[in-house]
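The values are calculated or read from the model by the stated rules, or taken from the named source; none is laboratory data. Quick caveat: nothing in here was measured; it's all calculated off a predicted structure. Using ideal geometry, Cβ is built from the backbone for each residue, glycine included, and neighbour counts are taken over all protein chains shown. Side chains are part of the model used for accessible areas, which takes the heavy atoms of the whole protein and leaves out ligands, DNA and RNA. Shrake-Rupley method; radii C 1.70, N 1.55, O 1.52, S 1.80 Å.
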Amino acid sequence: MENATNLQDELRGLLRRLNPNRPASLSQNTLPRIERVGGSLSLLSTHLKADQYTKALVAGHIGVGKSTELIHLAESLKNDYYVIFRSVSSVLGAHNTSVPTLLVFLLEEAVRRWNSEFEQMPTELVCNIGEIFGIRSGVGTGMQLLLSLIGLQTPSELQKAKDSPNFATPIEMEKFLTKILQKISLRYFRFEENRSIDISDLALAFENLLNKMVEYAKKPLLIIIDDLDKIGDEQVSLDLFVQRAMAWIRLPCAIVATMPVDMYFHDRAREIDHIWGEVSILEPLDTPGETAELTDPSLPFYLTLMKEIGGEKYFSAKQTNRLARVSGGIVRDFVHLCALSVNYVLDTGESHVRDWHIEAVERVFSEKFQSRLDDNDYAIIEKVVRQQGNAKAGAQLIRSGALLCKRDENKQRIYQVHPLVKKLMDNYLSYQKKMENGAINKG
């Protein structure tokens, strides 16, 4: 009985670590970061060490490991830079990220870090930022629309309003900015509302604060912004990365941010390259072939990950091989597949993962894709994979992971069907062929 209890506890501990929604190496309770072969952000790191004002975007499939690699990048550069790393999903929410809200988001983080790590902020900086939010009556109108949209009133509107902005010290300013972010995260902004907000004064004040921050830190500043790749609105993405990008790209620091992978294939992708420079693409991992031996060079990543978390006690090497293959090289998919397998072990009272557990897991994930794809999606996937050319039409399918953008052995870009979508594609093509044959017979 005691052994069974210990087994259950171990499996639950393994399941907690197999959390696909938390970046690897974030803490001791998450997965470790395993070194990627030829798929890290090492070139970007080299660039950052050479240019302290580097501005760069990182794209790639959702779940491919961008957050993990950005955390590693931040850690590797902490001696060269004063690093500010923040995820918009943790505070602001990707649904409400725009140029105005992003600047407030970054300002709040910079003020919070200043208050916790430096000597007291100079009074003129506090006053300067206070004016932007209308702390002095009749001064600073750019942010009044934002404040009114989230239910805060400026003194010029109602001098004695309970919720009117009011701060005289850096700590009060931090609390005020935190309050703004809390309200923004709970309110959906229409694109037209965001576009109407004048951010010029805020951008200039933030530039001034960052210049002073560099002086206090005695090293250049690097801001890493994660989860911008989760923005789903095309208009917002264009506004953020193209049309009003200068509001944050001109900040006196290095900036690395994620970008939705579908924007890499957008009609205005050349403009993005012109503004930001070459976009870094984080590729899916290599995966073993269906008949691959356990000595396959792509397998050590997955086996090492299993060993680091104690998963080799419950997954055989062949099962790990199989899960790696069907994940398509998307790390989050691999972790999802492993986690659901462990769930099945706990649910069925087994002592380790059985092959039928994995079959059931594959079926669940394939059905999930099936529920989200239609005939038009299959037709686009088939065309992109067959022609291996312009993938613009399949950009949203690349974003969803149904269509994989990878590199072959010659480092040439190729497009593949996600392994868990392949059977669905085969069924679609078989159906289409029968339809064609039926049409010919009728003729």
Residue in the range 334-350 that is in a loop (DSSP other than H, G, I, E, B) and out of contact with any Ser or Thr (no Cβ under 7 Å at 6 or more places or on another chain) present: yes
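Could we say that GLU174 is at pLDDT 85 or above, part of a helix (DSSP H, G or I), over 20 Å from MET246 (Cα atoms) and touching a Lys or Arg at 6+ places or on another chain (Cβ under 6 Å) here? Quick ask: steps written out before the conclusion?
Working: at pLDDT 85 or above: yes; part of a helix (DSSP H, G or I): yes; over 20 Å from MET246 (Cα atoms): yes; touching a Lys or Arg at 6+ places or on another chain (Cβ under 6 Å): yes.
It is true that GLU174 is at pLDDT 85 or above, part of a helix (DSSP H, G or I), over 20 Å from MET246 (Cα atoms) and touching a Lys or Arg at 6+ places or on another chain (Cβ under 6 Å).
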Qualifying positions in the range 20-46 - in contact (Cβ under 8 Å) with a residue 60 or more places away in the chain, outside any loop (DSSP other than H, G, I, E, B) and open to solvent by 50 Å² or more (accessible area, probe 1.4 Å): LEU43
Single condition LEU285 does not satisfy, out of (1) touching a residue at least 40 places away in the same chain (Cβ under 8 Å); (2) surrounded by 15 or more Cβ atoms within 10 Å (Cβ to Cβ); (3) in a helix (DSSP H, G or I): (3)
Residues of the range 47-79 satisfying the condition of being open to solvent by less than 80 Å² (accessible area, probe 1.4 Å) and in a helix (DSSP H, G or I): LEU48, LYS66, SER67, THR68, GLU69, LEU70, ILE71, HIS72, LEU73, ALA74, SER76
So LYS368, is it open to solvent by 50 Å² or more (accessible area, probe 1.4 Å), over 25 Å from ILE231 (Cβ atoms) and within 28 Å of the chain's Cα centre (by Cα): no
The range 371-401: number of residues that are modelled with pLDDT of 90 or more and in contact with a Phe, Trp or Tyr (Cβ under 6 Å, 6 or more places away or on another chain): 4
Hits in the range 80-120 - residues which are among the small types (Gly, Ala, Ser) and assigned to a helix (DSSP H, G or I): SER89, SER90, ALA94, ALA110, SER116
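Run down TYR415, TYR378 and say which single residue is hydroxyl-bearing (Ser, Thr, Tyr), touching a helix residue (DSSP H, G or I) at 6+ places or on another chain (Cβ under 9 Å) and within 19 Å of VAL261 (Cα to Cα).
Details: TYR378 fails: within 19 Å of VAL261 (Cα to Cα).
That would be TYR415, the only listed residue that is hydroxyl-bearing (Ser, Thr, Tyr), touching a helix residue (DSSP H, G or I) at 6+ places or on another chain (Cβ under 9 Å) and within 19 Å of VAL261 (Cα to Cα).
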Scan of the range 183-198 for residues that are touching a Leu at 6+ places or on another chain (Cβ under 8 Å), closer than 17 Å to GLY93 by Cβ and not in a loop (DSSP other than H, G, I, E, B), ordered by number: LYS183, ILE184, SER185, GLU193
Considering residues of the range 380-422 that are buried (at least 17 other Cβ atoms within 10 Å of the Cβ) and among the charged types (D, E, K, R) only, the residue nearest to the chain's Cα centre (by Cα): ARG399
Members of the range 288-312 found to be open to solvent by 30 Å² or more (accessible area, probe 1.4 Å), in contact with a Leu (Cβ under 9 Å, 6 or more places away or on another chain) and in contact (Cβ under 8 Å) with a residue 40 or more places away in the chain, listed by number: PHE301, GLU308
For PHE191: the one exception among (1) at negative phi; (2) buried (at least 20 other Cβ atoms within 10 Å of the Cβ): (2)
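Of the residues GLU290, GLU312, which is modelled with pLDDT under 95 and in a helix (DSSP H, G or I)? Break it down into steps so the answer makes sense when it comes.
Values: GLU290 fails: in a helix (DSSP H, G or I).
So the residue among GLU290, GLU312 that is modelled with pLDDT under 95 and in a helix (DSSP H, G or I) is GLU312.
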The range 407-429, residues that are under 16 Å from SER298 (Cβ atoms), at pLDDT 90 or above and in a strand (DSSP E or B): ILE414, GLN416
Per-region count, the range 216-263, residues more than 22 Å from ARG195 (Cα to Cα) and either assigned to a loop (DSSP other than H, G, I, E, B) or among the small types (Gly, Ala, Ser) (or both): 7
